[in-house]
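The values are calculated or read from the model by the stated rules, or taken from the named source; none is laboratory data. Bear in mind the structure is a predicted one, so any value in this text is a computation, not a measurement. All Cβ positions, glycine included, derive from the backbone under ideal geometry; neighbour counts span all protein chains shown.
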Amino acid sequence: MSSKIFPTAQDAENAFYEALERCDLDGMMAVWAEDEDIFCIHPTGPRLTGQDEVRSSWAKIFAGGAGARVQISDQVAVSGMMIAVHSVHENFTVEGDPRPRAPVIATNVYLRTPAGWRMIVHHASPAPAQLEAAPRGAPPKILH
């Protein structure tokens, strides 16, 4: 059991992104709930469920070493007494590589547990290309 306590969902989210930048596997897994009812989806990847799959995926990502920085923007947060959902844009830069990277849209879900707030879902997807604004007066498009 992790000894780290996250008093708020935002504290857990801050620890998540700090661990991501440092390639700190133990710090990353300290953010996650300690049960099998967790899942993680990396951009263009499959759904990973449970502690073993989630840990293994972060270990593979971190094997490349530190160097990426992530800045979070456009956060939308919805919170209740026991659950919090954060939707963010993850803006990555890589040390020594000046090329701009498209943002990643992530949804992070946190659950309030007896040990503080813990992540139960991280779902990240490439952000769509910027769409041109619809002409004024055009009817809205309904996708589903």
Within the stretch 19-56, the count of residues that are more than 24 Å from Ala115 (Cα to Cα) and among the polar types (S, T, N, Q) comes to 1
Subset of the stretch 78-91 that is among the small types (Gly, Ala, Ser) and surrounded by 14 or more Cβ atoms within 10 Å (Cβ to Cβ) - its residue that is nearest to Thr113 (Cα to Cα): Ala84
Residues being in contact with a Phe, Trp or Tyr (Cβ under 8 Å, 6 or more places away or on another chain) and in contact (Cβ under 8 Å) with a residue 60 or more places away in the chain - total across the stretch 1-25: 7
On the given criteria, is Met82 within 19 Å of Ile5 (Cα to Cα) and out of contact with any helix residue (DSSP H, G or I) (no Cβ under 9 Å at 6 or more places or on another chain)? yes
Six or more apart or on different chains, Cβ atoms under 6 Å: show the pairs whose first residue is in the stretch 84-105 and of a type in the set (Lys, Arg) and whose second is part of a strand (DSSP E or B). Arg101/Phe92
Quick check: anything in the stretch 61-77 of a type in the set (A, V, I, L, M, F, W, C), modelled with pLDDT under 95 and exposed (fewer than 13 other Cβ atoms within 10 Å of the Cβ)? yes
Take the conditions over 15 Å from Leu111 (Cα atoms), part of a helix (DSSP H, G or I) and without any contact (Cβ under 8 Å) to a residue 40 or more places away in the chain and apply them to Gln75. Does it pass? no
When the stretch 38-54 is checked residue by residue, the ones that are in a helix (DSSP H, G or I), touching a residue at least 12 places away in the same chain (Cβ under 8 Å) and surrounded by fewer than 18 Cβ atoms within 10 Å (Cβ to Cβ) are Gly50, Gln51, Glu53
Inspect all residues belonging to the stretch 92-104 and state whether any of them is at pLDDT 95 or above, surrounded by fewer than 17 Cβ atoms within 10 Å (Cβ to Cβ) and assigned to a loop (DSSP other than H, G, I, E, B). no
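One line per residue, one yes/no per condition, for (1) over 23 Å from Gln71 (Cβ atoms); (2) modelled with pLDDT of 95 or more; (3) part of a loop (DSSP other than H, G, I, E, B); (4) of a type in the set (Ser, Thr, Tyr):
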| position | (1), (2), (3), (4) |
| --- | --- |
| Gln10 | no, yes, no, no |
| Glu13 | no, yes, no, no |
| Tyr17 | no, yes, no, yes |
| Glu36 | yes, no, yes, no |
